[in-house]
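See structure below.
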Amino acid sequence: MDSITLGIKKFFSSIFGAPKSNIAVGIDIGTSSIKVVQIKKEGGRAVLDTYGALALGQYSESGMVGQVTNLDPETLAKALSDVLAETHITSKNVVLGLPSVSCIIFILQLPAEIEERDLATVIPNEAKKFIPVPITDVSLDWYIIPRREDSGTEGRVLAESGGEARMSVLVVATLNETLIKYTTLMQKADLPTNALEIEVFSHIRSVLTRELFPVMIVDIGASKTKLSIVEHGVVETFRLANKGSQDMTLAIAHSLELPFDKAENIKKENGLVPTPEHPQVPDLIKVHLADIFQETNATILAYEKRYNKNVGKIIFTGGGAMTKGLLEYAKQSFGADLVIADPFAKVDSPVFLQAVLKTTGPEFSVALGLALKQIQ
């Protein structure tokens, strides 16, 4: 384990940059499934080569598809090897997604006169104020945000600092135990351990286009929902809501007295669309969506109050974004432009697959964004 620990810095240093290749694989290991995407570069365009997903529930004691799991690295490595084999992925040019729930993302405002060579000393000292664990328990990476007077942020920073010029630095702190876990996983799966990216940055790459205004990304995962407000490609706000798509399945299972797997199928097939057989299902799902929407609105309002800017678009992604009727219900809670993520629009694909890819796209946002990192 000491060799793994010593390799953390090298492993983590690839978050904001990695070698590029003409073929790349993105690996997104969630709490309920693994998603993989392989793309290649042809004629200056990214082309979809293959993709696939594998439910992790079948590797747990319960064996339930869609259920949140907490598997050890050896079992996860077996599942990863299985999905790579099933999708016929052989490229070793892989990039792995790190769960945002294991990270703290924040922006430091530092005096503009600080030399870049001194940041390695200054940032850890300042970061302690934002990190609720010992600084030795995390690995830090950072990125100096280019000054953009047209973004509105410059004026706010000057006002809050009493007119003093500041340097804005995006800082990411990731738990070392998470890095060790995923390093071990990749080693056991006989894959390189030198490329990774936190999933929120993969989302930015795969679901945003050329928006010049603040955008909210709502990633509805199995166990949690990640809320990110992004402006000019920079994460301005990141929050977690302790609700996910599994909560909806459990509500259906308890109310209808059904096994988890049958409740999961009903949720996926019907969503918010009422049926004569299960008319109460939409209301059961709406209870949890309402909680997620409330957290989303609170995050947006806090951002708009502080920055004096409106969030013009909300993009829903993650497996929960595929819930039928989601956008129609969300319109009751939000005034912004609402869209479901369509990450596969970023790559060329066979015409006969495009309808399917548009439907399943939200589930593969992270995996595709990871792959794009390696070839763009």
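For the reader, a short list of remarks on this structure follows.
- Members of region 279-310 found to be within 18 Å of GLN246 (Cα to Cα) and assigned to a loop (DSSP other than H, G, I, E, B), listed by number: GLN280
- Per the listing THR178, THR183, the residue uniquely hydroxyl-bearing (Ser, Thr, Tyr), modelled with pLDDT under 95 and buried (at least 20 other Cβ atoms within 10 Å of the Cβ) is THR183.
- Considering residues of region 223-251 that are out of contact with any Ser or Thr (no Cβ under 7 Å at 6 or more places or on another chain), in a helix (DSSP H, G or I) and in contact (Cβ under 8 Å) with a residue 40 or more places away in the chain only, the residue surrounded by the fewest Cβ atoms within 10 Å (Cβ to Cβ): ASP247
- Strands (runs of 3 or more DSSP E) contained entirely in region 27-141, each with at least 1 residues that are among the β-branched types (Val, Ile, Thr) and surrounded by 19 or more Cβ atoms within 10 Å (Cβ to Cβ): 33-42, 94-98, 103-111
- Of all residues in region 182-191, those satisfying the criterion of being closer than 15 Å to LEU98 by Cβ and either of a type in the set (A, V, I, L, M) or assigned to a loop (DSSP other than H, G, I, E, B) (or both) are LEU185, MET186, LEU191.
- Only listed residue being surrounded by 23 or more Cβ atoms within 10 Å (Cβ to Cβ) and closer than 26 Å to LYS40 by Cβ, chosen from ALA345, ALA341: ALA341
- Residues in region 319-355 that are in a strand (DSSP E or B) and without any contact (Cβ under 8 Å) to a residue 60 or more places away in the chain were compared, and the one that is farthest from SER365 (Cα to Cα) is ASP337.
For every residue, the table says whether it meets (1) in contact with a strand residue (DSSP E or B) (Cβ under 6 Å, 6 or more places away or on another chain); (2) modelled with pLDDT of 95 or more.
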| residue | (1), (2) |
| --- | --- |
| VAL339 | yes, yes |
| PHE344 | no, yes |
| GLN354 | no, no |
| VAL366 | yes, yes |
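- Look at region 198-222: where a residue is part of a strand (DSSP E or B) and a partner is of a type in the set (D, E, K, R) and modelled with pLDDT of 90 or more, sitting 6+ places away or on another chain with Cβ atoms under 6 Å, you get VAL215/LYS313; ASP219/LYS226.
- Residue list for region 97-136, restricted to those being charged (D, E, K, R) and either within 10 Å of VAL171 (Cα to Cα) or out of contact with any helix residue (DSSP H, G or I) (no Cβ under 6 Å at 6 or more places or on another chain) (or both): GLU113, GLU115, GLU116, ARG117, ASP118, GLU126, LYS129
The values are calculated or read from the model by the stated rules, or taken from the named source; none is laboratory data. Computed from a prediction, not measured in an experiment: that's the story for all the values here. Neighbour counts are summed over all protein chains in view; Cβ atoms, including those assigned to glycine, are modelled from backbone coordinates with ideal geometry.
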